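Enquirer: Sharing a structure with you now.
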Amino acid sequence: MTAPGTATTTPLAGLRVLDLATLFAGPLAATLLGDFGAEVIKVEHPRKPDPARGHGPAKNGIGLWWKLLGRNKRTLTLDLSAPGGRDVLLRLAADTDVVIENFRPGTLERWGLGWEELRAVNPRLVLARVTGFGQTGPYAHRPGFGTLAEAMSGFAAVTGEPDGPPTLPPFGLADSIAALTTAYAVMTALAGRDRTGAGQVVDMAIIEPILTVLGPQPLWYDQLGYVQPRTGNRSRNNAPRNTYRTADGHWVAVSTSAQSVAERVMRLVGRPELIEEPWFSAGSTRAEHADELDEAVGHWIARRTRDEAVDAFEKAEAAIAPIHDVRDVMEDPQYRALGTITEVDDPELGPLRMQNVLFRLSETPGAIRWAGRPHGADTEEILAELGLSAPAISALREEGAL
């Protein structure tokens, strides 16, 4: 019997993806497809690898972020601007389902690898173009990064304390949201191909998905002229909603998005009389009394340890969570039960613990088959599978295309 998560049981088995992108949004989208069985070939410049290999901490000179981002990918070096590199890419594309790229608009076209050339060798191809600002518009040719999307979308404007500056996230938030959206867009385009027989272009602008995640802000402004302010950890839609410090120096977060939960919290903290106030009956009016509600909840939590507070909230069926750092995440019993962090054996670094595949499927689960591989590790093998002879491969190396 075939083991769960192997190539013949995974739902995307038989799907081939060429990952031409660098850094995070495009490559992470390819990772998500590879986690569920797609054959992903990571194409990197022979002399300028994906900069993600050098981002963040390293061990023994090996970038750890790459071990996550490059998992389930075979690695190929190819200079797409060289004639030989262009020819190899077109040969690969002829038998590929998806190409993911994030060059500035016009770059692939300059190399003779634009949509017209790719579609000519493979009419069923899906080309996902992931850029900061999309393929059209006045900003299309600007350098674009997730940070700029976090700024332009309004995320930074609503994040932080009311009297503090706009705040950017300390991680690739917009890139990650765009990666999730790109993987969804690719699968949508493939579903369309099943009906029409034809591939198409996915135009993914990193500035857009994060704007959707931010909710109805454009609608509020359009209809009411309302501009959401920075409120720190509080919400304009419900209260109490904040972080609170426990007696043993830890922090917890409380949410009361549901009216019934808000009532349970106030009973638990010994302030049931507040439930009878007219303003307590709706989240938006509770938010107008956040000072009073925060004082009640904060005073109660401050006299209890984290475990005592969490246990009491759980018994009261009220919503609370400890505020974890990564050390807590690695030990949390819920994450352990879900298998959220899994161990992968790596030839370079030995056992590695990293995030598991993104979701669980009951019949055709995904799997991490290997962590990120060295730069160009599979070049010879991939080109041989493509039908190139040893002399042809050597000629490409002499040309500088590999």
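Enquirer: Exactly one condition in (1) out of contact with any strand residue (DSSP E or B) (no Cβ under 9 Å at 6 or more places or on another chain); (2) without any contact (Cβ under 8 Å) to a residue 60 or more places away in the chain is not met by residue 23; state its number.
Expert: Every condition holds for residue 23 apart from (2).
Enquirer: Quick check on segment 355-383: of everything there that is open to solvent by 60 Å² or more (accessible area, probe 1.4 Å) and hydrophobic (A, V, I, L, M, F, W, C), which residue is farthest from residue 47 (Cα to Cα)?
Expert: 361
Enquirer: For segment 138-157, which positions are open to solvent by less than 50 Å² (accessible area, probe 1.4 Å) and not in a helix (DSSP H, G or I)?
Expert: Within segment 138-157, 140, 144, 153, 154 meet the criteria.
Enquirer: Considering (1) in contact (Cβ under 8 Å) with a residue 12 or more places away in the chain; (2) closer than 18 Å to residue 296 by Cα, say which one residue 278 fails and leave the rest.
Expert: (1)
Enquirer: Ok, one more. Counting just the residues of segment 48-63 that are in contact (Cβ under 8 Å) with a residue 60 or more places away in the chain and out of contact with any His (no Cβ under 8 Å at 6 or more places or on another chain), which one comes out most open to solvent (accessible area, probe 1.4 Å)?
Expert: The extreme case among them is 60.
Enquirer: While we're looking at this one, here's another question. Out of 279, 251, 300, which single residue is out of contact with any helix residue (DSSP H, G or I) (no Cβ under 6 Å at 6 or more places or on another chain) and farther than 14 Å from residue 321 by Cβ?
Expert: Only one candidate passes the filter, namely 300.
Enquirer: Give all pairs with beta carbons closer than 6 Å in which a residue from segment 134-158 that is modelled with pLDDT under 95 meets a residue that is β-branched (Val, Ile, Thr); count only pairs at least 6 apart in sequence or on separate chains.
Expert: If the second residue must be β-branched (Val, Ile, Thr), the pairs left are 144/131.
Enquirer: Among (1) open to solvent by 80 Å² or more (accessible area, probe 1.4 Å); (2) β-branched (Val, Ile, Thr); (3) more than 23 Å from the chain's Cα centre (by Cα), which single condition is residue 326 missing?
Expert: (3)
Enquirer: So which residues in segment 84-132 are under 13 Å from residue 43 (Cβ atoms) and of a type in the set (Ser, Thr, Tyr)?
Expert: Of everything in segment 84-132, just one residue is under 13 Å from residue 43 (Cβ atoms) and of a type in the set (Ser, Thr, Tyr), namely 96.
Enquirer: Listed residues 188, 182; which is within 19 Å of the chain's Cα centre (by Cα), open to solvent by 40 Å² or more (accessible area, probe 1.4 Å) and β-branched (Val, Ile, Thr)?
Expert: Within the list 188, 182, the selection yields 188.
Enquirer: Among the residues of segment 36-47, write down those that are within 28 Å of residue 364 (Cα to Cα) and open to solvent by less than 50 Å² (accessible area, probe 1.4 Å).
Expert: 36, 37, 38, 40, 41, 42, 43
Every residue, every condition in (1) of a type in the set (Gly, Ala, Ser); (2) farther than 17 Å from residue 237 by Cα; (3) open to solvent by 40 Å² or more (accessible area, probe 1.4 Å), yes or no:
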| site | (1), (2), (3) |
| --- | --- |
| 259 | no, no, yes |
| 264 | no, yes, yes |
| 274 | no, yes, no |
| 284 | yes, no, yes |
| 294 | no, no, no |
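Enquirer: Right, next: Looking only at segment 132-147, count every residue that is among the polar types (S, T, N, Q) and either farther than 15 Å from residue 109 by Cα or in contact with a Leu (Cβ under 6 Å, 6 or more places away or on another chain) (or both) and tell me the total.
Expert: 1
Enquirer: Among the residues of segment 342-354, what is the count of those that are without any contact (Cβ under 8 Å) to a residue 60 or more places away in the chain and open to solvent by 50 Å² or more (accessible area, probe 1.4 Å)?
Expert: Number satisfying all stated conditions: 5.
Enquirer: Just need a number here: residues in segment 276-289 that are touching a Phe, Trp or Tyr at 6+ places or on another chain (Cβ under 9 Å) and assigned to a loop (DSSP other than H, G, I, E, B).
Expert: Looking only at that region, the number is 2.
Enquirer: In addition: Is it fair to say residue 246 is in contact with a Ser or Thr (Cβ under 9 Å, 6 or more places away or on another chain) and open to solvent by 40 Å² or more (accessible area, probe 1.4 Å)?
Expert: No; evaluated as a whole, the condition is false for this residue.
Enquirer: Select from segment 201-231 the residues that are open to solvent by less than 50 Å² (accessible area, probe 1.4 Å), among the aliphatic types (A, V, I, L, M) and more than 25 Å from the chain's Cα centre (by Cα) and list them in ascending order.
Expert: Correct list: empty.
Enquirer: Sticking with this one: Yes or no: residue 194 charged (D, E, K, R), within 30 Å of residue 119 (Cα to Cα) and surrounded by 19 or more Cβ atoms within 10 Å (Cβ to Cβ)?
Expert: No.
Enquirer: Tell me the residue from 89, 28, 33 that is crowded, with 23+ Cβ neighbours inside 10 Å and more than 21 Å from the chain's Cα centre (by Cα), please.
Expert: Answer to the selection: 89.
The values are calculated or read from the model by the stated rules, or taken from the named source; none is laboratory data. Model, not experiment: these values are computed from the prediction. FYI the Cβ positions are ideal-geometry reconstructions off the backbone, even for glycines, and counts take in every protein chain you see. Calculation scope for accessible area: heavy atoms of the full protein, side chains included, ligands and nucleic acids excluded. Shrake-Rupley method; radii C 1.70, N 1.55, O 1.52, S 1.80 Å.
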